[in-house]
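Worksheet: one structure, shown below.
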Amino acid sequence: MSEFSKPKQIVGLIVSFVVCFAVSAVGAAASFQAQAVYGKFEQPAWAPPGWLFGPVWTLLFSMMAVAAWLVWRRGGFKAQRVALSVFAFQLVLNGLWSWLFFAWRMGGWAFAEILLLFGAIVWTIVVFRRVSGVAAGLLVPYWLWVGFASVLNYVLWQMNPGLLGG
């Protein structure tokens, strides 16, 4: 249970959503033309359609926000400094990937970075699990999606060296 009043918990949840969707906006700024760029890539048959990414990421960022809030509720940032700092680290990596891949078209660097993000999500799940199993569980779909995105990043990079750097 939380030691915070209901109003403070509501504010905490709002802050969690604002932070997560601010990172989403940073990534979206880099990928403003992502759907058009994505459509230009030679793609494997199993690549999802471009329109799917927006709804999936909206759901995943919402789940991340709730997960972070559940951890924050257990004593605030002071008590959960490590877990929330690890969460913040993976958020930064998440925002950076879109810039590497879509804005700067650096497929190899994006691939290396997404592997780091994948590991950072595992780390976040581990530290969140110590605080809240539900919070950790909310991050599992995100981890799975980033795993899939890692494979897709690699394949697109290999199939499109002219667009994503050789």
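The values are calculated or read from the model by the stated rules, or taken from the named source; none is laboratory data. Predicted, not measured: the structure shown is a model, and the values here were computed from it. Neighbour counts are summed over all protein chains in view; Cβ atoms, including those assigned to glycine, are modelled from backbone coordinates with ideal geometry.
Just to be sure I understand, how many residues within the range 49-61 are surrounded by fewer than 16 Cβ atoms within 10 Å (Cβ to Cβ) and either under 18 Å from I125 (Cα atoms) or in contact with a strand residue (DSSP E or B) (Cβ under 9 Å, 6 or more places away or on another chain) (or both)? Of the residues in the range 49-61, 1 are surrounded by fewer than 16 Cβ atoms within 10 Å (Cβ to Cβ) and either under 18 Å from I125 (Cα atoms) or in contact with a strand residue (DSSP E or B) (Cβ under 9 Å, 6 or more places away or on another chain) (or both). On the stretch given as the range 62-93, residues that are among the polar types (S, T, N, Q), under 18 Å from A28 (Cα atoms) and surrounded by fewer than 22 Cβ atoms within 10 Å (Cβ to Cβ) total 1. Can you name the condition, by its number, that L163 falls short on among (1) touching a Phe, Trp or Tyr at 6+ places or on another chain (Cβ under 7 Å); (2) surrounded by fewer than 21 Cβ atoms within 10 Å (Cβ to Cβ); (3) closer than 20 Å to F17 by Cα; (4) in contact (Cβ under 8 Å) with a residue 60 or more places away in the chain? Tallying (1) touching a Phe, Trp or Tyr at 6+ places or on another chain (Cβ under 7 Å); (2) surrounded by fewer than 21 Cβ atoms within 10 Å (Cβ to Cβ); (3) closer than 20 Å to F17 by Cα; (4) in contact (Cβ under 8 Å) with a residue 60 or more places away in the chain, L163 fails exactly one: (3).
Filter the range 1-35 down to residues that are under 24 Å from W99 (Cβ atoms) and not in a helix (DSSP H, G or I) and give me whichever is nearest to the chain's Cα centre (by Cα).
If we filter the range 1-35 for residues that are under 24 Å from W99 (Cβ atoms), which is where we start, we get 16-35.
Narrowing further to those that are not in a helix (DSSP H, G or I): 31-33.
On the way: S31: 14, F32: 17, Q33: 19 Å.
If we take residues in the range 1-35 being under 24 Å from W99 (Cβ atoms) and not in a helix (DSSP H, G or I), then S31 is nearest to the chain's Cα centre (by Cα).
Look at the range 71-83: where a residue is more than 16 Å from L13 (Cα to Cα) and a partner is of a type outside the set (D, E, K, R) and at pLDDT 95 or above, sitting 6+ places away or on another chain with Cβ atoms under 7 Å, you get V82/V127; A83/V71; A83/V127; A83/F128; A83/V131. When the helices (runs of 4 or more DSSP H) confined to the range 71-141 are screened for residues that are touching a Cys at 6+ places or on another chain (Cβ under 8 Å) and aliphatic (A, V, I, L, M), those reaching at least 1 such residues are found at 81-98.
Just checking, does the range 119-136 include any residue being in contact with a Leu (Cβ under 9 Å, 6 or more places away or on another chain), more than 17 Å from A83 (Cβ to Cβ), surrounded by 15 or more Cβ atoms within 10 Å (Cβ to Cβ) and at pLDDT 95 or above? Checked against the condition, which is being in contact with a Leu (Cβ under 9 Å, 6 or more places away or on another chain), more than 17 Å from A83 (Cβ to Cβ), surrounded by 15 or more Cβ atoms within 10 Å (Cβ to Cβ) and at pLDDT 95 or above, the range 119-136 yields no hits at all. Against the test of being of a type outside the set (K, R), under 21 Å from S132 (Cα atoms), surrounded by 12 or more Cβ atoms within 10 Å (Cβ to Cβ) and modelled with pLDDT under 90, the options S31, S2, S16 yield a single qualifying residue, S2.
Just to be sure, is A36 crowded, with 18+ Cβ neighbours inside 10 Å and hydrophobic (A, V, I, L, M, F, W, C)?
Numbers: crowded, with 18+ Cβ neighbours inside 10 Å: no; hydrophobic (A, V, I, L, M, F, W, C): yes.
No, not satisfied.
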